[in-house]
Amino acid sequence: MNITTKILLAFMLVALSGCIGPSGGPGAAPNSTALMEDLLKTSGNVTSYRFESSKMTTAEFLNLTEGYSLEDRLSYNLSENGEISIARNVSQSMLRVSQESSMSSEKYRNLSMSSSREYYIINSTRYENIDGNWTRLFMPYPEYELLRENRLYLQLDILNRSTLDVIGSETVDGTDCWKLKVSPENTTIHAAVIALEVSDVLGLPAQILLAMFNTTELERNSSIDWTAWISKEDKRLVKREGTVTASITPEVLGISSPGVRFLINVNVNESMRFFDYDRPIEIELPDEARSAVMLIPVINTSGVSNG
């Protein structure tokens, strides 16, 4: 099963594949489809990598039922770093991610929350530390969990189903790169990106938002302005950054009640870096994690739920 197929299964999105051509000559600026082909080919053999990301999100909640009043303005910041070792045998793969997040509200001036989170996936177990409290969760399907947490594969899936334009070259962290404009213009992937980016401030999981979205209205009321950098030498993804804006209305969420009128303006600035490809990674589990309470999920005919 190739990378793209696995991604589609993990994120339950509809695949729309493009036509990919051969690479250009040495030193020549490649066309975007040729560069995407090279990127997928080299990434298919990645055994490990590290990543860092930061995301700054603001949201304005406007009540339009009576006038045009600002109900609240939220800000949300998330930074994370992690590393993943990918083995053919899933029982030998492992992952570590550390996150720091904060959220504040103008309406509730006493509301300013921050939290830290660290989690590991080793063998068939997920170890998670939230603000100092450790838990262990047995995972019946570790391959799916590792894939869902694999930041690189998610980015590759989005790039592979976007319109790409080579707009020049730049040096990023000492690496000579091709610079590309990324436009996730397909309706399904566009909606999925918006759902992922705005879920934190709307307080709903991305899957729920994706099911609610009226994609026609969403495309009218949102934009994605992304740039990616791919190394010239080894054709690996080095960086992806950009801005997502969305105006969430009842129509966008498929709400038809005539008495409900609101507007939520969301702005997201995000940057991700990928580095240390195929270098040895040793992920050591803290002693506190090994002795944490083990949670066993309940498996039933409708799926898997924690219980």
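The values are calculated or read from the model by the stated rules, or taken from the named source; none is laboratory data. Just so we're clear, the structure is a prediction, and the values are computed from it rather than from any experiment. Note: ideal-geometry Cβ built from the backbone for every residue, glycine included; neighbour counts use all protein chains shown. Note: areas computed on protein heavy atoms with side chains; ligands, DNA, RNA excluded. Shrake-Rupley method; radii C 1.70, N 1.55, O 1.52, S 1.80 Å.
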Next item on the list: Could you run through the stretch 139-177 and say how many residues are among the small types (G, A, S) and either within 25 Å of A195 (Cβ to Cβ) or not in a strand (DSSP E or B) (or both)?
Entry: 2
Note to self: Can you tell me which condition K181 does not meet? The list is (1) open to solvent by less than 10 Å² (accessible area, probe 1.4 Å); (2) closer than 25 Å to L78 by Cα, and all the others hold.
What the structure shows: (1)
Note to self: Going by what's in this entry, would E143 be described as under 30 Å from S124 (Cα atoms) and open to solvent by 30 Å² or more (accessible area, probe 1.4 Å)?
What the structure shows: yes
Check: How about the stretch 187-226: which of its residues are in contact (Cβ under 8 Å) with a residue 40 or more places away in the chain and more than 19 Å from I158 (Cα to Cα)?
Finding: D200, V201, L202, M212, N214
Notebook entry, point to check: Listed residues N63, N81; which is farther than 18 Å from Y144 by Cα and modelled with pLDDT of 95 or more?
Noted result: N81
Next item on the list: Give S116, S124, S183 a once-over and let me know the one that is over 25 Å from A59 (Cα atoms) and hydroxyl-bearing (S, T, Y).
Entry: S124
Next item on the list: Sort out which residues of the stretch 156-178 are within 28 Å of S101 (Cβ to Cβ) and buried (at least 20 other Cβ atoms within 10 Å of the Cβ), and write them in order of number.
Entry: L156, D157, I158, L159, S162
Checklist line | A29 touching a strand residue (DSSP E or B) at 6+ places or on another chain (Cβ under 9 Å) and assigned to a loop (DSSP other than H, G, I, E, B) | finding: yes
